[in-house]
Amino acid sequence: MALQGFDAQHFLDTAWQRKAVLIKAALPGFECPLDGNDLAGLACEEDVDSRIIIEAKDGWELRSGPFQEADFATLPKSHWTLLVQGVDQYLPELADLMAEFRFIPRWRTEDIMVSYATDGGNVGPHYDQYDVFLVQASGKRRWKIGGHCGPDTPLYSHPQLKLLQHFETEQEFLLEAGDILYVPPGVAHWGVAEGDDCMTLSVGFRAPSESALLGDFCDEIASHSDESLRYRDPQLSANANPGEISPLVHAQLKEILLKQLDNDTLLTRWFGEMMTRVPDQSEYRDDSLSREDFSKLLTEGLDLHLRLGARLAFDEQHLFADGVAFAYPPKDRDDVRALCQVECGKSIGNFHKFSEEMLYALYCNATLYFDDDTYDS
């Protein structure tokens, strides 16, 4: 199902990372694959990131999961919201929604957060550092859009929530099931449920800060550096002040650092691995199935599927899968492209040109699994 009444290129040219846009009736007849009880059940799981936010007379209260079933019985009748992160990693029907947003690079997608709200439920006026498409799955939610925010925007001194002290409405939209609201980074927004059983799906996109990019790349450089290469002095003068750090030293340091940064091979590999990392991926990896047994299962015609929550990207030399770079020969490029168009949870089909070695490596990485395997995603 493609988004109705939506021109993806026009959106990218005029609105992406610029302004909020309402896509009315983008998913006509949309039926949410889960309800409030399903979401509450997920929020009780130990490895699921969940929160409850309650609006009270004296402000907002945050409670963090995992929750017990009894916790929900103590909630007020209205003005609370349950939020569960990464639900697409647990529910194949929800993961299918990601296919509607493939006009954005796949390696930029993060996950789908689901919120369930009672009447008046909201998380307060705030802004995010990433792009988000807010899909109204059921019920109604009124969204108020404010101006652009930044590091100097005043926030309340709440210990856990970053809420805006001042909010001025510039636009207002009432979303019903099937409507989508796009909000770019830094734009203030405030959504309040109108009536019970309000379910919103937040399709978020990964946007590391420049400081995170720099820090991560420097760590990568350091891990590949030769310890035998040491700082060497420029031409010294015996009459110089012994406490002075001269401009010549600064120039020497700059040359050393820029030489390390100017490594395109390392840069491209590092970026692909960083943008496809998933939390706790090492827990999934498993090479207990031998290469021989793997080959036998392939011969028997068992289908390989892409794991829910798997992250893929590629460039001219590598397939990046869940934070690992796999080099591939030019003859496999079409198969690599095709694999990166497979949606999570789906069969990868028959990639006849792919080497069995590559498929086995992706299987051991838990990026791929046989349709009779069981994984706790």
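The table that follows gives values for the structure above.
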item: Breaking point among (1) open to solvent by 100 Å² or more (accessible area, probe 1.4 Å); (2) part of a helix (DSSP H, G or I), for Cys218; result: (1)
item: Number of positions in segment 236-264 that are under 30 Å from Phe326 (Cα atoms) and open to solvent by 100 Å² or more (accessible area, probe 1.4 Å); result: 4
item: Residue match in segment 4-23 (condition: modelled with pLDDT of 95 or more, of a type in the set (Gly, Ala, Ser), open to solvent by 40 Å² or more (accessible area, probe 1.4 Å) and not in a loop (DSSP other than H, G, I, E, B)); result: no
item: Complete set of residues in segment 47-73 that are at pLDDT below 95 and either assigned to a loop (DSSP other than H, G, I, E, B) or in contact with an Asp or Glu (Cβ under 7 Å, 6 or more places away or on another chain) (or both); result: Asp47, Lys57, Asp58
item: Odd one out for Asp293 among (1) part of a helix (DSSP H, G or I); (2) under 29 Å from the mean Cα position of the chain (by Cα); (3) at pLDDT 95 or above; result: (2)
item: Segment 55-73, residues that are surrounded by 18 or more Cβ atoms within 10 Å (Cβ to Cβ) and over 19 Å from Pro279 (Cα atoms); result: Glu55, Trp60, Phe67
item: Selection within segment 322-374 - under 24 Å from Pro92 (Cβ atoms) and basic (Lys, Arg); result: Arg337, Lys346
item: Among the residues listed as Pro105, Pro76, the single one being open to solvent by 10 Å² or more (accessible area, probe 1.4 Å) and within 22 Å of the chain's Cα centre (by Cα); result: Pro105
item: Segment 108-144 - residue that is over 18 Å from His189 (Cβ atoms) and of a type outside the set (Val, Ile, Thr) and, of those, surrounded by the most Cβ atoms within 10 Å (Cβ to Cβ); result: Tyr116
item: Selection count where residues are charged (D, E, K, R), outside any helix (DSSP H, G or I) and free of Cβ contacts under 8 Å to residues at least 40 places away in the same chain, scope segment 223-281; result: 8
item: Pairs where the first residue, in segment 292-313, is of a type in the set (D, E, K, R) and the second is open to solvent by 50 Å² or more (accessible area, probe 1.4 Å) and part of a helix (DSSP H, G or I), C-beta under 8 Å, 6+ apart; result: Arg311/Trp107
item: Members of segment 189-212 that are open to solvent by less than 50 Å² (accessible area, probe 1.4 Å), in contact (Cβ under 8 Å) with a residue 40 or more places away in the chain and either closer than 19 Å to Gly146 by Cβ or not in a loop (DSSP other than H, G, I, E, B) (or both); result: His189, Gly191, Val192, Ala193, Cys198, Met199, Thr200, Leu201, Ser202, Val203, Gly204, Phe205
item: Residues of segment 96-108 that turn out to be in contact with a helix residue (DSSP H, G or I) (Cβ under 8 Å, 6 or more places away or on another chain) and either over 20 Å from Thr200 (Cβ atoms) or at pLDDT below 95 (or both), as a count; result: 3
item: Residues (open to solvent by less than 50 Å² (accessible area, probe 1.4 Å) and β-branched (Val, Ile, Thr)) located in segment 157-184; result: Ile180, Val183
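This table checks each residue for (1) modelled with pLDDT of 95 or more; (2) farther than 23 Å from Gly65 by Cβ; (3) in contact with a strand residue (DSSP E or B) (Cβ under 8 Å, 6 or more places away or on another chain).
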site	(1), (2), (3)
Leu75	yes, no, yes
Ser78	yes, no, no
Asp88	yes, no, yes
Ala117	yes, no, yes
Tyr127	yes, yes, yes
Leu134	yes, no, yes
Lys140	yes, yes, yes
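The values are calculated or read from the model by the stated rules, or taken from the named source; none is laboratory data. Note that the structure is a prediction, hence the values are computed from the model and not measured. Glycine also receives a Cβ, built like all others from the backbone with ideal geometry; neighbour counts cover every protein chain displayed. Ligands, DNA and RNA are excluded from the accessible area calculation, which covers all protein heavy atoms including side chains. Shrake-Rupley method; radii C 1.70, N 1.55, O 1.52, S 1.80 Å.
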